[in-house]
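Have a look at the structure below before the remarks.
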Amino acid sequence: MNVILKRRQLILATLVVALGAAVFVNWYYTGNNSLKQGEETTESEYVQNLGEAKYVNADATATDYFSEVKLNRQKTRDEALDKLNTSLKNAKTGTEEAKSITASIDKLTLQIKQENDIESLITAKISGECVVVINDSSAQIVVKKGALNEDTALQIMDIVTTNTKLDASNIKITESA
């Protein structure tokens with residue numbers, strides 16, 4: 001009975017020491033964040049914590065712009081494809097209307113593929129965000145601010161003319177504001 005009691009005490013003491021060590025390690029690595037009486041904190045103060053999220057991209061508004069444009073474009077395309085698919089279901093197979101709708105779907109799909117391919121290539125070349133909008137006879141490219149110079153403009157022009165049948169005079173490249 002005495003041996004069992006001592007074993008329990010030894011296990012309990014070991015657990016208490018381990019818990020104390022865990023609390024100390026946590027306190028040590030997270031820092032002592034408690035404020036002294038009368039001390040104020042400002043937003044500009046920075047206390048480094050392990051695992052704390054950090055913003056790498058300081059130009060969040062440009063990223064928001066590109067994300068918003070791409071999201072709006074995707075929503076518009078999804079709606080257009082839904083309408084075309086609904087019209088195709090209602091059209092009789094083999095009619096001119098069905099062929100026209102199928103051609104429109106194929107054209108829109110090709111346009112989406114071209115824009116995505118061109119955006120990927122431009123993003124790889126300039127190491128930044130871009131948006132490409134291709135119409136029947138023209139293309140417009142918007143790149144992040146500060147990424148456009150003469151060399152990148154020529155690279156972008158080459159990418160667009162290679163991946164589309166557009167003439168260079170119908171391609172417009174601009175920087176985001």
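The values are calculated or read from the model by the stated rules, or taken from the named source; none is laboratory data. As the structure is a prediction and not an experimental result, all values here were calculated from the model. Reconstructed Cβ throughout: ideal geometry from the backbone, glycine too, with neighbour counts over all protein chains shown.
Per-structure values
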quantity	calculated
Qualifying residues in segment 161-177 (those that are over 18 Å from Ser127 (Cβ atoms), touching a strand residue (DSSP E or B) at 6+ places or on another chain (Cβ under 6 Å) and hydrophobic (A, V, I, L, M, F, W, C)) - the one modelled with the highest pLDDT	Ile171
Matching entry among Ile173, Ile141, Ile159 (being part of a strand (DSSP E or B) and surrounded by 20 or more Cβ atoms within 10 Å (Cβ to Cβ))	Ile141
Sole exception among (1) more than 25 Å from Asp64 (Cβ to Cβ); (2) in contact with a Lys or Arg (Cβ under 7 Å, 6 or more places away or on another chain) for Val131, by number	(1)
Within segment 74-117, considering residues that are among the hydroxyl-bearing types (Ser, Thr, Tyr) and farther than 30 Å from Glu129 by Cα, the one surrounded by the fewest Cβ atoms within 10 Å (Cβ to Cβ)	Thr93
